[in-house]
Structure formats: C-alpha cells, structure tokens
1. From the set of residues in the stretch 87-103 that are out of contact with any Leu (no Cβ under 7 Å at 6 or more places or on another chain) and small (Gly, Ala, Ser), which is surrounded by the fewest Cβ atoms within 10 Å (Cβ to Cβ)?
2. Every residue in the stretch 9-48 that is surrounded by 13 or more Cβ atoms within 10 Å (Cβ to Cβ) and among the hydroxyl-bearing types (Ser, Thr, Tyr), please.
3. Would you be able to tell me the number of residues in the stretch 88-125 that are part of a helix (DSSP H, G or I) and touching a Gly at 6+ places or on another chain (Cβ under 8 Å)?
4. What about Leu51, is it farther than 24 Å from Gly137 by Cα, out of contact with any helix residue (DSSP H, G or I) (no Cβ under 6 Å at 6 or more places or on another chain), surrounded by 14 or more Cβ atoms within 10 Å (Cβ to Cβ) and at pLDDT 95 or above?
5. Residues that are under 23 Å from Leu128 (Cβ atoms) and aliphatic (A, V, I, L, M), at least 2 per element: which helices (runs of 4 or more DSSP H) completely within the stretch 26-79 meet that?
6. Starting from the stretch 54-70, keep only residues that are closer than 23 Å to Arg122 by Cα, then list their pairs with residues that are part of a helix (DSSP H, G or I) and small (Gly, Ala, Ser) whose Cβ atoms are within a distance under 6 Å, requiring at least 6 positions of separation or different chains.
7. Among Ile131, Ile85, which is the only one that is in contact (Cβ under 8 Å) with a residue 12 or more places away in the chain, in a helix (DSSP H, G or I) and farther than 19 Å from Arg49 by Cα?
8. Which residues, counting only those in the stretch 107-138, are surrounded by 13 or more Cβ atoms within 10 Å (Cβ to Cβ), small (Gly, Ala, Ser) and over 17 Å from Leu62 (Cβ atoms)?
Amino acid sequence: MSAPGTGRRAARRQAVVLLYQHDVTGLPVEELEQNAERAEGRPTDRFTRDLVQGVLADRAVLDEQITAAAEGWTAERVAPLERNILRVAVHEMTGRDEVPPAVAIDEAVEMAKRFCGAEAPRFVNGVLGRIARERAGGG
C-alpha cells in the first residue's frame, strides 16, 4: 500500500500541476519541480518526471490529437488545466503501453471532476474517448 500522496494517481496529479504551471508561467519545469520538492519535503516521483518529460517532448503531436478530437476546439483554446489533463492522458494512451487507455481516461476524468468546472469531465471524457476509439480502429 502506498503512503498518502504517493502512487500513480498522485504522480499524474503532480505532473498535471507542473505542466499547468509551466504553461501559465513559462517558468522552466526544473525550477517548478524544485519548488514542489521544497514545498512537499520530498523528491519528485520518477513516474511524474517521466510523464512531464514525455508530454513536453511530444506536446505538438499531443495538441494535434487533442485538436482533432475536440470538435470545434483547438488545444490552445482549451483552458490550461484541462489542456494539461488531456495532454497527460493522451501521452499515456499513445506512449505508455503499460497504461490501459481506460485507466488513462478514468484518471483524467476524475481529475477534471475534482479540479475543473462542471463541464470539464464530460469534455475530457469525450475527447479522450474519440482518441481511444480512433486508436482502436473504431474511427
């Protein structure tokens, strides 16, 4: 059993927070990570670091996928927190074979329910569902 604040769910949340802060402030991720480590009194989880690096490395491709699935929205028009929840989930769905798409979608929807506006969970679920269906060959 993981200690409070650890595990993959917490790591995903931390990755989204770091990416959101980077998006909004433009500060280097390394600086934001150091700030978080000081505030939490522990080093950044390896899974968090892998997610952040993966999203940053593939951000343009992830944003293209989000835009294609968002029906009338571009990734840049999506609110920054929702955009980074989507980026992490799409990265997991497309770049991490050990994470089943259903898990990535569920985690993203739960984060949207907890931290975003009332419409965000449905939007996040719809975008990620379209991407998952397309990847599975269901168009």
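1. Ala102
2. Scanning the stretch 9-48 gives Tyr20, Thr44, Thr48.
3. Residues in the stretch 88-125 being part of a helix (DSSP H, G or I) and touching a Gly at 6+ places or on another chain (Cβ under 8 Å): 3 in total.
4. Against the criterion (farther than 24 Å from Gly137 by Cα, out of contact with any helix residue (DSSP H, G or I) (no Cβ under 6 Å at 6 or more places or on another chain), surrounded by 14 or more Cβ atoms within 10 Å (Cβ to Cβ) and at pLDDT 95 or above), Leu51 does not qualify.
5. 46-57, 59-69
6. Between residues of the stretch 54-70 that are closer than 23 Å to Arg122 by Cα and residues that are part of a helix (DSSP H, G or I) and small (Gly, Ala, Ser), the close pairs are Asp63/Ala75; Ile66/Ala75; Thr67/Ala75.
7. Ile131
8. Ala120
The values are calculated or read from the model by the stated rules, or taken from the named source; none is laboratory data. This is a predicted model, so every value here is computed, not measured. Ideal geometry is used to build each Cβ from the backbone, glycine not excepted, and the neighbour counts take in all protein chains shown.
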